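K.L.:
Below is one structure. I have some questions about it.
The values are calculated or read from the model by the stated rules, or taken from the named source; none is laboratory data. Here the structure is a predicted model, which is why all the values come from computation and not from measurement. Every residue, glycine as well, gets a Cβ built from its backbone with ideal geometry; the counts of neighbours run over all protein chains shown.
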Amino acid sequence: MRDLRGKEIGMVFQDPMTSLDPLERIGDQMIETILAHKDMDRNDARELAGDMLEKVGLPRNRLNYYPHQLSGGQRQRIMIAMAVMLNPKLLIADEPTTALDVIVQEKIMDLLDDLKSEGKAIMLITHDFALASERSDRIAVMYAGWLVEYGSAEKLVNEPLHPYSKGLIQSVPDLWIDREIKPLPGSPPDLSNPPEGCRFRPRCRFAKEVCRKEPPSTVVDGRVVKCWLYEVGE
């Protein structure tokens with residue numbers, strides 16, 4: 001797996017402070033990652049690390065800093081630089097803007113958009129449905145470990161199929177649309193003892209007897225939806 005991590009797949013974690021070694025300078029951490037995958041001397045690796053910092057909008061002298069000397073936004077930019085400096089085919093970003101102020105959030109997402117325009121595939125993991133709908137081409141909605149709906153972002157946001165997807169959208173305030181906010185009733189299930197059949201059944205207003213069996217995944221309007229409301233043949 002070490003051959004894949006960093007080289008083929010890059011990862012940006014939710015809290016960069018827990019991902020960076022507090023006892024090592026930024027440059028040493030970046031160089032260690034480069035040398036683990038590339039056959040080059042330390043000076044060339046440091047040059048590459050400096051180039052990547054500049055690419056994410058940070059000066060090269062940040063290589064000499066320790067993580068605690070940097071702001072949350074700077075640390076997150078460094079994590080993005082480390083994740084993409086070996087040119088991976090896939091970048092996974094887990095809540096990359098959590099705990100950042102709105103302006104820094106926008107800059108981080110603009111940076112990810114720039115990487116996408118360079119041909120990198122990006123998987124954004126987030127609870128922010130507005131962010132996902134604004135920045136993503138396709139959205140996968142998950143509930144209790146299940147993928148319940150997957151398809152184009154535009155279709156999923158404007159015409160959600162799964163009851164959970166509908167509930168998510170209805171629970172998000174929108175300044176431009178006059179609609180009633182409808183929070184989802186109940187709580188997510190305990191995954192050590194999930195509900196019988198459909199895992200969303202206890203919270204679903206469309207639940208029926210057949211929902212006590214696991215629903216199939218069905219293709220509807222170019223999307224995949226896991227719900228008995230869209231059983232094949234109905």
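K.L.:
If I go through segment 32-49 residue by residue, how many of them are at pLDDT 95 or above and β-branched (V, I, T)?
P.N.:
Looking only at that region, the number is 0.
K.L.:
Here's a follow-up. Looking at A140, A83, A121, A49 in this structure, which one is without any contact (Cβ under 8 Å) to a residue 40 or more places away in the chain and surrounded by 19 or more Cβ atoms within 10 Å (Cβ to Cβ)?
P.N.:
A49
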